[in-house]
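The values are calculated or read from the model by the stated rules, or taken from the named source; none is laboratory data. Because the structure is a prediction, the values reported are computed rather than measured. Positions of Cβ are generated from backbone atoms using ideal geometry, with glycine treated the same way; all protein chains shown enter the neighbour counts. Remember, those area values only see protein heavy atoms, side chains included, never the ligands or the DNA or RNA. Shrake-Rupley method; radii C 1.70, N 1.55, O 1.52, S 1.80 Å.
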Amino acid sequence: MPLISSTEMLQTARREKYAIPAFNVHTLEMLQAVVEAAVESESPLIIQSTVGTVKHLGPDYIAHAAKTAADRTDLPMALHLDHCTDFPTIIQCIRAGYTSVMIDASMFPFEENVKQTCKVMEIAQASGVNVEAELGKVGGVEDDIVVDERDASLADPEECALFIERTGVSTLAPAIGTAHGIYKGTPNIDFERIARIADRVAVPLVLHGGSGIPAEQIHQAVALGMAKVNIATELRIAFSDAIKGVFAEHPDENDPRKYMVPAKEAVKRLAMEKMRLCGSVGKAGVAR
């Protein structure tokens, strides 16, 4: 089936209390891996690309690859632009065929965040594209966006409700104590804050920094209203480690297929694990 907006599938996920994993992919093999994992798991799927990957590969290449994958399955599948601060890039991706975009204006004061989000909403709504926005600041590194732990700030539940009212945004990523990258210790997630936000906000919530969060914490966050869980760093590590393993055993290998196939399989295994963790296995029919 064609790529679809993630709005309805995420609304269903929140209502049914499971989450849809959203995977940041950087190569064709990574994209194929998460799609194959979704097909075998009968899971709805959100494929994501960062702004850096869009600049590296081109939005048309990414969108056409995702469209080809979607057309070969009957799964509900969306293509999402992650953490974009650049309005022209958002427009470029929508025109290429992305069905979901994130405007990240969380580094600005509240009113400016509202203004920039509304600007994107005007364009996206006309195209039936989902819009995700962020309140508070998630720490860590995401592509070329770096937020020092000292500068990270948690989302205010009342502001979240006001933000949704003012912008009409489809999905919200509130900062609740997670961080991009791999955690050095146990994540300090503010579950009470998630509950307060979910009580005031009806739209699906997005958990950023989903790599490396313990299973019980993912389950708790999903039960409270997180309907989308972003996975990026863990995928890159699995992909890279598999390639390193091939070269460790065969340092003279020069056939990309010999190291890309193991890398793809590693990503596929991890993606299936995350689908089980999020509770999306077998939900493809429900999310349509």
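Against the globular-protein guess of 2.2 N^0.38 Å, express the Cα radius of gyration of region 151-288 as a ratio, rounded to two decimals.
In units of the globular-protein estimate, region 151-288 measures up at 1.28.
Just want the answer: with Cβ charges of +1 for Lys and Arg and -1 for Asp and Glu, which residue in L57, L45, C84 is farthest toward the dipole's positive end in region 1-102?
C84
At 0.36 nm per residue, minus the direct Cα-Cα distance, what do F191 and H56 gain on full extension? Give it in nm, one decimal, please.
45.0 nm
Using Cα pairs under 8 angstrom and six or more residues apart, how large is the relative contact order of the chain, in percent?
It rounds to 25 percent for the chain.
Using the alpha-carbon atoms, what tilt in degrees (0 to 90, nearest 10) does helix 233-249 show relative to the longest principal axis of the chain?
So the inclination is approximately 10 degrees.
Nearest 10 degrees, 0 to 90: what angle lies between the long axis of helix 157-167 and the longest principal axis of the chain (Cα atoms)?
Roughly 90 degrees between the two axes.
Ranked from the most accessible area to the least, with a 1.4 Å probe and all protein chains present, what is the order of M260, M107, M275?
Heavy-atom accessible area, descending, gives M107, M260, M275.
For region 1-105, give the percent of accessible area contributed by carbon and sulfur heavy atoms, probe 1.4 Å, rounded to a whole number.
Ligands and nucleic acids excluded, carbon and sulfur give 49 percent.
In whole Hz, what ³J(HN,Hα) sequence does region 84-90 give by Karplus (6.51, -1.76, 1.60; θ = phi - 60°), x for Gly and Pro?
After applying 6.51 cos²θ - 1.76 cosθ + 1.60, I find 9, 9, 10, 4, x, 5, 4 Hz.
Pick from S43, S170, S240 the residue whose mean-square fluctuation is largest in a GNM of the chain, springs joining Cα atoms under 10 Å.
S240
With charges only on Cβ, +1 for K and R and -1 for D and E, what is the dipole size of the chain about its Cα centre, in debye, rounded to 20?
Rounded to the nearest 20 debye, it is 580 debye.
What lysines sit close enough to K67 to cross-link, taking a C-alpha to C-alpha distance under 27 Å and skipping anything fewer than 8 places away on the same chain?
Candidates past the 8-residue exclusion: K55, K119, K228, K258, K264, K268, K274, K283.
Using only Cα positions of region 229-288, each an equal point scatterer, no hydration layer, compute I(q)/I(0) via Debye at q = 0.14, 0.19 Å⁻¹ and quote the log10 values to two decimals.
Scattering profile of region 229-288, log10 relative to I(0): -0.49, -0.72.
Counting only residues 5 or more places away or on other chains, whose amide H sits under 5 Å from the amide H of H26 once H atoms are built in the peptide plane?
L31
Nearest 10 degrees is fine. How inclined is helix 256-278 to the longest principal axis of the chain, computing both from alpha carbons?
40
Quick one: Debye curve from the C-alpha atoms of the chain, no solvent, what's log10 I(q)/I(0) at q = 0.09, 0.10, 0.11, 0.16 Å⁻¹?
-0.38, -0.48, -0.58, -1.28
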